[in-house]
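Asker: One structure, pasted below without further comment.
Throughout, read-outs are computed from the coordinates displayed, never taken from laboratory work. Keep in mind that what you see is a predicted model, and the values were worked out from it rather than measured. Cβ placement follows ideal geometry from the backbone for every residue including glycine, while neighbour counts extend to all protein chains displayed.
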Amino acid sequence: MNLDINRYSNTLVTLFVLALVAKALSLTMLYFLEKKGVSQVSDITYTMPYQAYRFSKTFAIVEQKVQTKQKTAAQTKPLYNLNSLMLKAIYKSKNGGFIVALDKTKNNKSVFIKLHNEYNGYTLKSITQNRATFERNNQEYKLEFVETKSMTMFKKAPSPKPPSYDNDVIRAVAKTEVHKYTKDFKSIWKSIAIKEVVKNGKITGFKVNFIKEGTIFDKLGLKKDDLIIAVNNKPMLSYASAFKVYGEVNKMTSLKITVIRNNQEKDLEYEIY
Amino acid sequence: MKPILKALLYAFIFIMMFLFFLPKVELYYTLEKELEKQKIVLSDERIEDSGFSLHISDAKLYWNSVFGGQIEKIKLSTFLLHNSLSFENAKLNHALSSFLPGKIEYLNVRYSIINPIKVVISGNGDIGEIKGYINPFVKEIKIELNPPANMRSKYGSLLRKFKNVEGVLVYESRY
C-alpha cells in the first residue's frame, strides 16, 4: 500500500515538474514574442472632405417634384414671362443636359433646368450650343445667351473630339456616368490605361498611357501622358490612395484631379450632378 | 522496455503541456508583425486561446491600407505532428469583386507528419473547389481549381493564370 502511494506521488511530482518546465519554457518564449498586435489605424487627423463651390446647394435646382407644386400654383398666379430668365450656361451630353440661367424675378438667383423638365410652366424641349428652346401650350420660346463672357461654368462637350479645356473651367459630370464606371470596374480599363510612376522605390503618381475617344475620361479633359499626382488635394502616392478615391467617388459632389501636363501642374475640376 | 515506454509517455505529456502553455496569442501577434512588413494587416479581430488552438473571429483584412474583406473565423491548431490553419466565411470587399470572387466558404492549410514534404491546401467558395499544396523543400506551389461556370465568364483574367490540364485548371509557381 505504502509502495503504491510512493509510486503515485513520484508520478505526480514528475508530472508537476514537467508542467513547471513546460510553463517556464513558454514564459521564456513569451519574453521574445510581441506583446501587442497590429491594428489598422484610420487617419484620425480630421480632414474636411473636399468640396468645390456647389451650385446645387447654393442655388435652387429645379426638381420635378417642386415643379408639380409650382404648376398648380401657377394656375392662380399671373403668367411667368420667360424674358425674366437670362441664359448663362448650357451643358449638353448624349443622354441629356441642362442649362444655368439667372432668374430676374428671384433677385438674379441662378437656376438649373434639366432637359425635359418644367420651369414655371415652360418645358425645356431642346438645347443647342447657344440656344435653349422651351415649350408652353404647343408654342415654342427660345432663350439665347445675352452675354457670352460669363459662359465659364459649363461648356458643351462636343463629340467626338473633346474640347480643349482651359484652366479654371469646372466641368459637369453626370452621377449616372460615374456610377456606371464604379459598378463595372472592368469598363474603366477599356476606356483608360494608367500605370504607376515609381521614383526611388516610391510611387510619385499615375501616368495616363491611353484614353479611348468619346469615353468619360476623354470628356473629363484627361490626356495621354498626363501624370495624375493628386485627387481632391490628396496625393496619389500609393494604390491604397487611388483605391480610396475609387471607393468614395460615388459620394462625391465635386472632384479635382491634379495632373502634371507638359511639366506644368494643372487642376481639372468637375461638378458631379 | 518499460522504462523506455515510460520515458516516451513522459515526453509526450511534456510536449502536450508545452503546447498547452504555448503563448499562442503572443505568437499570433508576432505573426501579425511579420505580415505587417508585407503590408498585410488583420485588424479589429477577437482572439481566444482555447488550450490547443487559437480562435480568431471577425478579422478585417487590409492590404496596403485598403480594406480587402472580413474573415468570420480563423482557427490555428498546433499539435506538433499535425498543424492546421483554417479560415471560414471570408467575404471580400465588394469593391474588389471585379477582380476576385466575393466569398470563400472555407480554406484549410495543414501540415501533418503523415505527409511531411507538403503543406496541403483545400477550400471551397465562389471561386470553386480548391485543392493544392506547397512544397517548402523545393519552394513549389501547385493549386488545382474546379471553377463553376460563371467564374469562367466573370473572372476570365484571373483564370488565365491557370493552365488547363485534362479539364482541370492548374496553377503552378515557384517562389
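Asker: Please give the charge dipole size of the range B:94-155, origin at the Cα centre, charges +1 on K and R Cβ atoms and -1 on D and E Cβ atoms. Round to the nearest 20 debye. Could you put the intermediate results ahead of the total?
Answerer: Details: 8 positive and 5 negative charges, 23 e Å.
With Lys and Arg at +1 and Asp and Glu at -1, about 100 debye.
Asker: To continue, here is another question. Taking a point 7 angstrom from the Cα of residue A:202 along the C-beta vector, which residues in the range A:239-273 have backbone N less than 11 Å away?
Answerer: none
Asker: With an 8 Å Cα cut-off and a minimum separation of 6 or more residues, compute the relative contact order for the range B:29-144 in percent.
Answerer: This gives 14 percent for the range B:29-144.
Asker: While we're on this one: When the label point is put 7 Å from the Cα of residue B:15 along its Cα-to-beta-carbon vector, which residues of the range B:102-123 have a backbone N closer than 15 Å?
Answerer: Residues B:111-116 fall inside that zone.
Asker: What is the average number of partner chain Cβ atoms found within 10 Å of a Cβ in B:20-31? Could the numbers behind the result be given before it?
Answerer: Working: counts 4, 10, 5, 9, 2, 5, 10, 4, 3, 6, 6, 4.
Partner Cβ neighbours, averaged per residue: 6.
Asker: Going by how many other Cβ atoms sit within 10 Å of their own, how do A:258, A:133, A:105 line up, fewest first?
Answerer: Taking fewest neighbouring Cβ atoms as first place, the list is A:105, A:133, A:258.
Asker: Could you give P(r) for the range B:98-175, binned at 10 Å from zero, as whole percent values over all Cα-Cα pairs?
Answerer: Going from the shortest bin to the longest, the percentages are 18, 48, 28, 6, 0.
Asker: Where the centre of each part is set by its Cα atoms, how far does the range B:129-159 sit from the range B:1-46, in angstrom?
Answerer: 30 Å
Asker: Run down the aspartates and glutamates and flag those whose C-alpha is under 13 Å from the C-alpha of residue B:33, throwing out any fewer than 8 positions away in its chain.
Answerer: Straight-distance partners of residue B:33: A:34.
Asker: In what order do A:189, B:63 fall by count of nearby beta-carbon atoms within 10 Å, going from fewest to most?
Answerer: Ordered from fewest to most neighbouring Cβ atoms within 10 Å, A:189, B:63 come out as A:189, B:63.
Asker: At q = 0.10, 0.11, 0.19 Å⁻¹, what log₁₀ I(q)/I(0) does a Debye calculation on the Cα points of chain B give, no solvent, two decimals?
Answerer: Log10 I(q)/I(0), no solvent term: -0.49, -0.59, -1.44.
Asker: On to the next question. Shielding of B:7-14 by partners, i.e. mean partner chain Cβ atoms within 10 Å per residue?
Answerer: Counting other chains' Cβ atoms within 10 Å and averaging over B:7-14 gives 2.
Asker: For the pair residue A:107 and residue B:113, how long in nm is the line joining their label points, each one 7 Å along Cα→Cβ?
Answerer: Roughly 8.8 nm, to one decimal.
Asker: If I fit a long axis through the Cα atoms of helix B:24-37 and take the longest principal axis of the Cα atoms of chain B, what angle between them do I get, 0 to 90°, rounded to 10?
Answerer: That helix lies at roughly 40 degrees to the long axis.
Asker: Along its principal axes, what span do the Cα atoms of the range A:170-273 show, with the longest given first and each in whole Å?
Answerer: That works out to 39, 26, 25 Å along the principal axes.
Asker: While we're here: Measure off 7 Å from each Cα along the Cα-to-Cβ vector at residue A:125 and residue A:191, then give the distance between these two points in nanometres to one decimal.
Answerer: 3.2 nm
Asker: For residue B:95 and residue B:47, calculate 0.36 nm times their separation in residues minus their Cα-Cα distance, and state this gained length in nm to one decimal.
Answerer: Difference between extended and current length: 14.6 nm.
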